[in-house]
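Below: one structure, written as structure tokens.
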Amino acid sequence: MKLKRMIYSFFTLWLGCLFITLCHAQTTSQSGDTSVRTDTGALADGTVYRIDYPENFNGTLLIGLDYALTQFQSQESQALLALGYAMAGVTRIVTGWDVEASAGNHLTTLDIYNQLHGSPQQTLLYGRSLGAHTGAAIVQKYADRFDGALLACGGLGGAVGIWNAKFDALFIAKVLIAENNDELKVMDIPDDFATTTRPAWLEALARAQETPEGRARIALAAVIAQLPTWSHPAKQQPAPFDLDALQEGLYDSLAGSPLPTVGQAMSSRNELNRRGGGSISFNTEVNYREILQSLQNADIVYELYRQAGLDIESDLTKLAQAPRVSADPQALSWIAPQVWHGGLTIPVLTLNNIGDNISAVSALYAFQETVTRAGSAAFLRQLYVNSAGHCAFSPAESIAAINTLVERINTGDWNMSTNPYTMNSKAEALNLGPSRFINYQPEPFARAFDSCDLLELGVRMQPSEFNEQCSED
């Protein structure tokens with residue numbers, strides 16, 4: 001009930017400020033032994049912002065998407081305030097996947113903070129999920145306003161790449177499992193998807209999961225989309241040779257977990273198509289047979305097909321012959337700021353858990369490759385946690401990552417600060433939950449798509465030197 005009242009109060013504030021440039025309220029509260037000044041209000045587009053400033057301010061401000069709605073209530077945020085971090089942010093309610101607008105709201109909120117409290121010694125972006133994706137876009141365009149960024153549980157393969165992968169999952173499922181079901185939309189998601197297309201997809205995949213043939217084809221769709229074999233936080237991590245558990249994990253990632261890929265493929269796809277004026281996804285000239293052969297979990301698919309008595313070559317041929325989908329040039333131009341050129345100028349630390357089906361970790365490989373090609377590898381480090389679910393970090397893990405980023409900014413060198421042993425030691429010392437950092441290298445992203453790929457389709461990036469770099473490559 002407390003959470004509902006807090007959310008209601010923010011919606012009330014947002015609605016009351018829709019027609020004015022800015023409204024503002026100030027309160028003071030306690031976070032443990034720390035007194036915290038809170039400033040809230042609404043920006044010109046109606047987006048709510050929140051700024052929490054502790055009396056023991058340590059000089060570092062963390063700012064990111066979604067903080068204004070729910071994150072300030074978390075154990076993690078309360079611990080950060082107690083450590084002296086100031087925290088600020090906005091919500092996605094108005095901007096959603098309009099990352100350009102959201103970036104502007106971040107900068108406006110930072111301006112408000114500076115007016116209220118003066119410039120901090122360090123300003124760090126701290127984004128989770130869409131907030132990390134938004135943070136990557138902000139780093140790409142407005143890095144001069146920030147000293148570093150922690151991008152957590154984000155699909156950092158760029159918008160076109162990550163949405164091509166999600167598209168592949170449903171395209172394959174539609175062709176092989178439910179070809180004749182017109183209700184199962186893949187691209188043109190209707191506005192009433194929550195009561196039509198989404199439940200229809202979940203029901204169709206649940207039925208398929210009941211047969212050996214359906215389970216094999218679900219695995220094919222999930223593996224080509226590079227979804228994890230473990231994403232349900234209430235389940236144990238499957239053993240490497242437990243075929244049934246691995247397949248069940250793939251089904252969970254696609255349709256069976258509390259936050260399945262199918263759900264996001266309906267809601268976010270609908271919004272992206274509306275805002276972009278068309279599709280940003282395509283599979284023209286995509287060879288699904290070659291993709292499958294290159295993936296680490298391909299053996300799961302081959303064995304499931306063998307046990308089901310299915311001819312996988314027949315299904316792959318059917319996919320090759322299925323009508324293809326092209327991207328809309330207008331939509332690609334709109335999404336261009338959410339495609340990466342890799343040119344980092346400030347330290348960036350990524351934090352991902354390996355069992356995240358919404359932000360599958362293979363995209364992190366693509367992000368690293370793009371940054372390396374741009375000559376910016378020294379600015380990037382990547383952390384991985386052994387857990388399941390979207391953004392499934394303990395407060396200890398997140399705060400250890402933040403502290404590590406601050407160390408990098410202060411010393412100018414990553415040193416050995418990001419190895420799992422060091423990270424687990426830092427997290428354990430906080431006594432704020434489990435510490436599960438591991439050595440991990442994701443497999444290459446099958447649908448990698450960066451600014452050079454965008455340029456090949458006739459869409460130029462800014463700044464122009466990255467277009468020239470693509471020509472050189």
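Among the residues of segment 140-192, those that are in the same structural domain as E397 (by TED's automatic domain parsing) and of a type in the set (K, R) comprise K141, R145. Residues in segment 425-449 that are touching a strand residue (DSSP E or B) at 6+ places or on another chain (Cβ under 9 Å), surrounded by 18 or more Cβ atoms within 10 Å (Cβ to Cβ) and within 30 Å of Y288 (Cβ to Cβ): P442 only.
So that you can scan it fast, the table gives a plain yes or no per residue for (1) farther than 23 Å from G157 by Cα; (2) under 23 Å from the mean Cα position of the chain (by Cα); (3) part of a helix (DSSP H, G or I):
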{"site": "E210", "(1), (2), (3)": "yes, no, no"}
{"site": "A216", "(1), (2), (3)": "yes, no, yes"}
{"site": "K235", "(1), (2), (3)": "yes, yes, no"}
{"site": "A239", "(1), (2), (3)": "yes, no, no"}
{"site": "G249", "(1), (2), (3)": "no, yes, yes"}
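Output the residues belonging to segment 186-208 that are assigned to a loop (DSSP other than H, G, I, E, B) and in contact (Cβ under 8 Å) with a residue 12 or more places away in the chain. First the steps, then the outcome.
Taking segment 186-208 first, the residues assigned to a loop (DSSP other than H, G, I, E, B) are 186-196.
Selection gives V186, M187, D188, I189, P190, D191, F193, A194, T196.
Yes/no per residue for (1) aromatic (F, W, Y); (2) over 18 Å from the mean Cα position of the chain (by Cα); (3) part of a helix (DSSP H, G or I):
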{"position": "D52", "(1), (2), (3)": "no, yes, no"}
{"position": "N58", "(1), (2), (3)": "no, yes, no"}
{"position": "H106", "(1), (2), (3)": "no, no, yes"}
{"position": "L110", "(1), (2), (3)": "no, yes, yes"}
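Counting only helices (runs of 4 or more DSSP H) that sit wholly inside segment 341-444, those with at least 1 residues that are over 21 Å from L124 (Cα atoms) are 362-373, 420-430. When segment 254-272 is filtered for residues that are within 30 Å of E100 (Cβ to Cβ), of a type outside the set (A, V, I, L, M, F, W, C) and not in a loop (DSSP other than H, G, I, E, B), the ones remaining, listed by number, are T261, G263, Q264, S267, S268, R269, N270, E271.
Being touching a helix residue (DSSP H, G or I) at 6+ places or on another chain (Cβ under 9 Å) and not in a strand (DSSP E or B) narrows it down to one of G84, G127, G154, so name that one.
Working: G84 fails: touching a helix residue (DSSP H, G or I) at 6+ places or on another chain (Cβ under 9 Å); G127 fails: not in a strand (DSSP E or B).
One residue alone meets the criteria, G154.
The values are calculated or read from the model by the stated rules, or taken from the named source; none is laboratory data. Bear in mind that the values here come from a model prediction, so they are computed numbers and not experimental data. Heads up, the Cβs are rebuilt from the backbone with ideal geometry, glycines too, and the neighbour counts pull from every protein chain shown.
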